[in-house]
Amino acid sequence: MMDVETGARAAAPPAPEADVKTDASAAAAPPPPPEADADAAWKAPAAMVLVQLFNTGMVLLSKAAIGGGMFVLVLLAYRGIFGAVIILPLVLLLERGKWKEMDWRAAGWIFLNALIGYAVPMSIYFYGLRDTTASYAIIFLNMIPLTTFILSLLLRMEALHIRTMAGSLKVAGVLLSVGGTMIISLYKGEILHLWNPILHLRSEEHVGVARHQLRGTFLLAGSTFMFACWYLIQSKILKVYPYKYWSSMATCLVGGFQTALAGVIVRRDVNAWKIGWDINLLTIVYSGALATAGKYSLNSWAVAKKGPSYPPMFMPLSVVFTVVLGSIFLGDDITVGSLIGTTLVIVGTYIFLWAKANELPKK
């Protein structure tokens with residue numbers, strides 16, 4: 001669920017009443033000492049760089065595990081359940097007893113939240129990752145805020161304001177990012193041999209990736225669309241059950257059981273569910289501990305210090321990290337087309353997020 005937490009902050013709904021009260025009390029409190037501001041000045045960007053490294057590691061490990069034959073639904077089932085276990089201490093510490101306020105209506109929304117925000121989009125995302133490369137798949141996670149913006153326009157939940165500077169820059173950012181993605185998909189160019197990879201994928205896997213690039217693109221685009229739809233329903237969930245740690249833990253747990261049920265139906269092989277001391281176990285533990293709980297905690301801290309528009313500004317870094325580390329560790333090809341397309345995606349995403357951030361104070 002939390003793999004796109006930074007994207008959610010870009011399209012997040014208005015804060016519930018409890019958060020408004022917190023902000024009001026914070027405004028009445030005395031300003032923090034200068035040394036606190038100095039600490040936040042370097043800790044906030046460092047935390048956001050860590051978040052993008054966590055995201056990169058999750059994608060690279062998942063690619064290696066899936067490429068090694070791990071069943072996608074097994075990975076998601078174990079990851080969701082383990083992620084819920086990791087978030088449990090935060091629930092007990094910060095929201096103890098709030099489970100009593102979860103009625104059948106809230107439970108129904110959490111079930112829908114897990115289905116639309118975890119089980120379905122993560123399943124098709126990982127199948128798209130299997131058909132493509134890590135450096136290509138990570139781009140679609142970065143395009144979630146842009147897709148959410150487009151859906152908001154179509155559903156008339158947001159105005160474009162094309163005549164303003166912010167509105168024009170948002171449109172330009174979307175066009176650049178979409179154009180960059182199309183360049184990566186359709187144009188390869190010369191392969192740049194910059195270094196020898198540490199791990200070598202099997203040659204037949206590279207052939208399979210090339211053969212299924214189009215199918216993988218459709219799957220990744222579908223996951224991006226599903227995630228965008230998920231962000232648009234978050235305001236409803238916050239109104240029904242405004243406890244973020246409980247809802248996050250419940251969503252991870254329910255999403256894990258949803259993918260487990262789908263996995264049992266799709267593949268009735270007991271051996272597919274066995275986990276040894278290998279990269280599959282490392283992927284599950286890493287995804288639950290760092291790419292879920294760790295990333296969620298750091299994002300929440302950064303939002304409290306810098307505001308909701310701050311974490312998304314670092315999202316394009318995950319593209320750079322994945323391109324470089326995917327080439328070093330997995331042997332993903334770096335081509336002229338991928339460099340041009342990646343650059344356009346990064347520039348377009350930054351332009352869009354900058355325009356979005358500068359538009360927020362005016363609303």
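Values for this structure:
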| item | result |
| --- | --- |
| Charge sum, other residues only, whose C-beta stays under 14 Å from residue 351's C-beta, Lys/Arg counted +1 and Asp/Glu -1 | +1 |
| Highest to lowest packing among 168-178, 258-268, scored as the average C-beta count within 10 Å | 168-178, 258-268 |
| Computed label-point distance, nm, for sites residue 101 and residue 269 using a 7 Å Cα→Cβ extension | 4.6 |
| Highest average packing first - 325-336, 246-257, 95-106, Cβ atoms within 10 Å | 246-257, 325-336, 95-106 |
| Prolate/oblate/rounded label for segment 236-294 (Cα gyration tensor, a/c 1.5) | oblate |
| Sorted by Cβ density within 10 Å, fewest first, the residues 162, 233 | 162, 233 |
| Rounded if a/c under 1.5, otherwise prolate or oblate - segment 305-348, Cα gyration tensor axes | oblate |
| Distance between modelled label sites at residue 43 and residue 172, nm, 7 Å Cα→Cβ extension | 3.7 |
| Listed residue pairs exceeding 21 Å between alpha carbons, taken from 170/295; 43/305; 170/236 | 170/295; 170/236 |
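Each value in this text was obtained by applying a stated rule to the coordinates, not by laboratory testing. Worth saying up front: this structure is predicted, and the values here are computed from it rather than measured. Positions of Cβ are backbone-derived with ideal geometry, glycine not excepted, and every protein chain shown enters the neighbour counts.
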